[in-house]
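Presented below is the structure to which this report refers.
Please treat every number below as a calculation from the coordinates, not as lab data. Small disclaimer: the values here were computed from a predicted structure and weren't measured. Note: ideal-geometry Cβ built from the backbone for every residue, glycine included; neighbour counts use all protein chains shown.
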Amino acid sequence: MPDYRFLLGLALAVAACGRAESPRPVTAPGGWLEFEGSWNGVGSRHTISLGTDRLGSIVNLKGTMLLSGPGRPGVGFQSEVIGLTDSATGFQGRSVWTDEHGDQVFSELQGEGTAAKNRVTGTVLSGTGRYAGVIGSYEFSWHLVMEGEDGAIQGRAVDLKGRVQPGPAAGGSPR
């Protein structure tokens with residue numbers, strides 16, 4: 001009899017550890033979903049002089065993006081950014097977010113690109129898998145945390161906020 005209770009307890013414990021589905025937001029067709037989050041990246045920057053008081057840089061960053069809010073397109077993503085910064089004209093870049101299933105979100109980035117004005121805006125262009133057809137926008141301020149002499153950089157997004165409109169592949173709501 002003690003073995004039966006042990007097996008029953010073990011079966012209940014295993015059943016309780018099963019993956020719980022989080023509720024998915026439901027949106028009317030054409031509805032927008034809002035999210036917030038954090039984004040940290042490490043990578044490199046190669047800088048050249050463009051004359052007196054002007055610099056150009058190529059930036060390559062990889063990191064982690066975590067999103068919150070009922071309208072988030074996903075919870076966590078690996079992110080990668082490549083971009084060009086000109087201290088006179090600002091920042092232009094491209095980003096890809098990849099979730100745990102390999103589905104991706106693609107966006108383009110624009111920013112003012114100076115230490116005093118570092119606001120960056122992103123335009124979600126589309127995606128793959130469950131993000132196919134998604135559109136949207138997001139914005140944040142980029143804060144440089146560390147810069148090494150060899151071009152190594154580390155930074156984070158502050159006040160990351162955005163909104164997305166799910167594509168038809170998501171059935172009108174993100175997963």
Quick check: pseudo-label points 7 Å beyond the Cα along Cα→Cβ at Glu34 and Ile58, how many nm apart are they?
4.0 nm
Quick one: if you stick a label point 7 Å off each Cα along the C-beta vector at Glu139 and Arg156, how many nm between them?
2.2 nm
What ranking, highest mean first, results for peptides 84-97, 43-56 when packing means the other Cβ atoms within 10 Å averaged over each residue?
84-97, 43-56
Before anything else, pin down the relative contact order of the range 56-175: Cα pairs under 8 Å, at least 6 apart, normalised by residue count, whole percent.
18 percent
Between Ser44 and Ala88, Cβ-based FRET efficiency (R0 30 Å, step 0.05) works out to 0.85
Can you tell me the FRET efficiency between Met146 and Ser126 if r is taken as the Cβ-Cβ distance and R0 is 45 Å, rounded to the nearest 0.05?
0.85
